[in-house]
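Have a look at the structure below before the remarks.
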Amino acid sequence: MSTFEYLMRVKREKGAGYLLLLDPDRLDRKALAAHIHCLNANGVDAILVGSSFLLSNDFDQVVEQIKKEAKIPVIIFPGGIYQISPKADAILFLSLLSGRNSEFLIGQQVKAAPILRDYGLESISTGYLLVESGRPTTVEYISNTPGWQLFCGYWNRIGTE
């Protein structure tokens, strides 16, 4: 069963999935095995691994360490093409739809496609919308894309009426 099929099964059976994001730069590597064991035992359906602004240069090793301990899918939530590892189960093939930055709408995907093909890594097409959080975020800064605000049940782009 593919990772996407697994996620769709989770959605069918539970109504929604519980996916937890791990930022490689913020992980305590010595305690990682214990943390992953806790995730395995407490209903997490999949682990997302990624960062908007990755500082460490051992992404592949982090994914490998998580995958070694995880009994659930490990899915890359990439901040760019430098966050690709053949050791994951899948990667979210993100398109940042809430902005006008073509690099994150399609540019990174064009660069990543041949790498993903060569790795045989399952790609899960994903539309990515930034939502206003009340404070600037790293992903807003990196992508030069402000979040959207929610007003009275509809999306209103920041900086517009």
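Bear in mind that the values in this text are calculations on the coordinates, not laboratory data. If you're wondering where the values come from, they're calculated on a predicted model, not measured in any experiment. Because the Cβ atoms are built from the backbone with ideal geometry, glycine has one as well, and the counts that use them run over all protein chains shown.
Quick look at the numbers
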| read-out | value |
| --- | --- |
| Simple label model, 7 Å out from Cα along Cβ direction - Y141 to K14, nm | 3.2 nm |
| For region 1-74, projected area of the alpha-carbon convex hull averaged over all directions, nm² | 5.3 nm² |
| Under 5 Å, built H, 5+ apart or other chain: amide partners of L48 | L20, L21, L22, I75 |
| Rough spin-label spacing in nm, given labels placed 7 Å along Cα→Cβ, for K71 and L129 | 3.6 nm |
| Approximate spin-label separation S95-D28, in nm, with each point projected 7 Å along Cα-to-Cβ | 4.1 nm |
| Order by protection proxy (mean Cβ within 10 Å, highest first), peptides 2-8, 87-93 | 87-93, 2-8 |
| Size of region 3-130 as Cα extents on the principal axes (Å, biggest first) | 40, 37, 29 |
| I75, I124 arranged by Cβ crowding within 10 Å, fewest neighbours leading | I124, I75 |
